[in-house]
Structure formats: C-alpha cells, structure tokens
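The values are calculated or read from the model by the stated rules, or taken from the named source; none is laboratory data. Everything numeric in this text was worked out from a predicted model, so none of it was measured. Counting neighbours? That spans all protein chains shown, and the Cβs are built from the backbone with ideal geometry, glycine included.
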Amino acid sequence: MDAGFGSFAELRRHTDPARLDAIWISHLHADHSADLLAAVYGLAYGGLTPAAPLPVYAPDGCAQRLAGFFGRADVGFLSGVFDFRRLYEGHAIRHGELTLSAREVRHDVEAYGLRAEAGGRVLAYSGDSGPCPALGELARDAHLFLCEADIDAHRESEGGGQVHLTPEDAGRVARAARVRQLVVTHVGPTLTPEAATARAAAVFAGPVVAARVGAIHAV
C-alpha cells in the first residue's frame, strides 16, 4: 500500500516480495510511488520475479510515469513484472479474503483513499487528502485508521481548497467515523510526530499513535 522512498527495502525486512498479491498506489506523487522503480529492479533483475505479473492498482498514467524513469516511452517492457489496473471512484477488488475499496479524495492530483476489509476487520487509509466526505466514508467504524497529518494550519492550494489534513482534521474524521484506533502518518516538516499525535488526540478520544518505521499494529 503505497511505495514511497525506501519502502521496497523495508518490505524485504519483513517478508519475501514474491509473496505479494498486489500493490496499491494512492496517487503518483513521488513520495507515494517512486519505489516502484526499486521493485522493478528487484522483481525483474534481482531474482524475485513473480510467477505472474503483479497487479498494480494505481491512478491513470502510473505505467507511463514508471517507464519514464527508465527513459522509455513504451510500457511493454514492464508487462512481465506488473499488470497495471486503473483506480477510479468506487473501485473495488477482492484478493483472497481481502476486499479493497477506493474512494477519490481531495488532493492536487488524482488521489484515492483505501478501505481494506477481511474477516470483519477494517483498515482505512487516507492517502493524501484535504477534508472531504469520502474520508469519513472510508474510515467508518474502522478498527485502524491510518491518516495523514501533514500541515500545521489550514491553507488553500493554488486551485482552491485544502489538499492536506491538519492533526485536528485527522482527529475529527476519526471521531465522526467512530474509528477504534488512529495512526497518524505523513507528518509534515512544520510538525513533529509527537506534536501531531497530541493534537489529534485532543480531538479524538480514542487511542492515537504516530506511525513509525518497522512498527506493527494489529487491525
């Protein structure tokens, strides 16, 4: 779920990438997708080639963006590794017992939040988003809500509208959606994880923690 810088190496610390069933990319900003490049090298040339092309659920243009890293205009050379499948509003797919549902969220590029359900348990993920109704729908009654807290104060984007969340926004969404646990992530440079966590907790009465590299959370 998203492939920011260093995520492929971190994935290998926890599992064999050959065990992956799919990759899900919320949007094409580099901090959420650039390590697909490392995955191509690992899977195509590093002895980790999957038995069949790995589904990659992503916004339109992901294959072209990745091919561009290689200086290629065509995307056919990626077909032995990845099977690109376009995300869209209301997209839903099932992998084994896991159901993945996408909702388009408010950002300055095409972007999606994720609701993952299995065995009656729900993980919700905001991706990058400003406040919007889709976030509450994704997070409704989630056992764990992984939510960005990127900005210190509300600000408007060039195109109009807030495209990131404050810690208070994250807490408000979690409270309204009756989330069991809030995990704050994507904390911007004007905040610390500790400050973002405390500010979200002041709004949301449930458990709030900051995401940490290597941390494991039960859903």
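Tell me yes or no: at least one residue of the range 19-29 is over 14 Å from the mean Cα position of the chain (by Cα) and exposed (fewer than 13 other Cβ atoms within 10 Å of the Cβ). So far as the range 19-29 goes, yes, one or more of its residues are over 14 Å from the mean Cα position of the chain (by Cα) and exposed (fewer than 13 other Cβ atoms within 10 Å of the Cβ).
When the range 68-98 is filtered for residues that are in a strand (DSSP E or B) and within 12 Å of Ala22 (Cα to Cα), the ones remaining, listed by number, are Phe82, Asp83, Phe84, Arg85, Ile93, Arg94, His95, Leu98.
Across the range 1-33, the qualifying residues are those that are free of Cβ contacts under 8 Å to residues at least 60 places away in the same chain and among the aromatic types (Phe, Trp, Tyr), and the one among them that is nearest to Thr185 (Cα to Cα) is Phe5.
Of the numbered criteria (1) without any contact (Cβ under 8 Å) to a residue 24 or more places away in the chain; (2) under 24 Å from Asp108 (Cβ atoms), the one Gly120 fails is (2). If you check Arg199, Arg175 for being more than 19 Å from the chain's Cα centre (by Cα), buried (at least 18 other Cβ atoms within 10 Å of the Cβ) and not aromatic (Phe, Trp, Tyr), only one passes: Arg199. Hey, any hits in the range 79-101 for a residue that's in the same structural domain as Gln162 (by TED's automatic domain parsing), within 30 Å of Thr166 (Cβ to Cβ) and in contact with a His (Cβ under 6 Å, 6 or more places away or on another chain)? For the range 79-101, residues in the same structural domain as Gln162 (by TED's automatic domain parsing), within 30 Å of Thr166 (Cβ to Cβ) and in contact with a His (Cβ under 6 Å, 6 or more places away or on another chain): absent.
The residue of the range 116-130 that is nearest to the chain's Cα centre (by Cα), among those that are surrounded by 20 or more Cβ atoms within 10 Å (Cβ to Cβ) and not small (Gly, Ala, Ser), is Tyr125.
Within the range 57-107, the set of residues being in contact with a strand residue (DSSP E or B) (Cβ under 9 Å, 6 or more places away or on another chain), exposed (fewer than 14 other Cβ atoms within 10 Å of the Cβ) and of a type in the set (Asp, Glu) comprises Asp60, Glu89, Glu97. One residue is enough: does the range 170-179 have a residue meeting the conditions in contact with a strand residue (DSSP E or B) (Cβ under 6 Å, 6 or more places away or on another chain) and over 23 Å from Ala30 (Cα atoms)? Yes, the range 170-179 contains a residue that is in contact with a strand residue (DSSP E or B) (Cβ under 6 Å, 6 or more places away or on another chain) and over 23 Å from Ala30 (Cα atoms). Number of residues in the range 16-55 that are within 29 Å of His107 (Cβ to Cβ) and either outside any helix (DSSP H, G or I) or hydroxyl-bearing (Ser, Thr, Tyr) (or both) equals 17.
Given (1) farther than 27 Å from Pro59 by Cα; (2) touching a helix residue (DSSP H, G or I) at 6+ places or on another chain (Cβ under 7 Å), where does Arg175 come up short, assuming only one miss? Unmet condition: (2).
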